[in-house]
Amino acid sequence: MEYHVDAKNKVLGRLASDIALMLQGKKSAGFERNRVSGDKVYVSNYDAIVVTGNKATDKIYYQHTGYVGHLKEKSFMQHMERDPKFVLRRAVRKMLPRNFLTQKRLKNLVFVEPEGAAKNASKRIRPVKATRKEVKLTNGK
């Protein structure tokens, strides 16, 4: 089953919990807790997610690199400016059960790009594939 969710002006936590239920398959009749349901969730307008209270400025996402003293911090607003998909994907992942099915379920979460983003996609820098050049070795003769 396919679910289409419009995230415009929706609260982040409430939206993430609904999406987590859909990804687990609990909204379909054939729910099995040990299987990945075939339910896909398509999310549009994910860049217009709302948070309540002062979380827009006070919410901090932490990431540790593994080295001593390398605890990285980014605020909610920094993540929303750079990659709004990260915020919603992380919230949904944290609301899914922590087991071997989590990554498989998250693959069924699809973000629908806004119409204006497709025009700007051609302007983004894309990595260039390295080509292998054959070098002929000579003995200097």
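Since every read-out is calculated from the coordinates, none of them should be taken as a lab result. As the structure is a computational prediction, the values presented were derived from the model and not from experiment. Note: ideal-geometry Cβ built from the backbone for every residue, glycine included; neighbour counts use all protein chains shown.
Using 0.36 nm times the number of residues separating Met1 and Thr102, minus their current alpha carbon distance, what extension gain do you get? Intermediate values should be presented prior to the final figure.
Working: separation 101, 0.36 × 101 = 36.36 nm, distance 1.84 nm.
Working it through step by step, the gained length comes to 34.5 nm.
Net charge around Asp6, counting only other residues with Cβ within less than 13 Å of its Cβ (Lys, Arg = +1; Asp, Glu = -1)?
Details: positive: Lys8, Lys10; negative: Asp18, Asp47.
Around Asp6, the surrounding residues sum to 0.
Modelled label-to-label distance, Asp83 and Ala56, 7 Å Cα→beta-carbon offset: nm?
Placing both labels 7 Å along Cα→Cβ, they lie 2.3 nm apart.
Long-range amide H contacts for Tyr3: which residues qualify at under 5 Å (H placed 1.01 Å from N, peptide plane, sequence gap of 5 or more or a different chain)?
So Tyr3 has HN proximity to Lys40, Val41, Tyr42.
Would you work out the charge dipole size for segment 2-114 about its Cα centre, treating the Cβ of every Lys and Arg as +1 and the Cβ of every Asp and Glu as -1, and quote it to the nearest 20 debye?
Details: 22 positive and 11 negative charges, 88 e Å.
Roughly 420 debye, rounded to the nearest 20.
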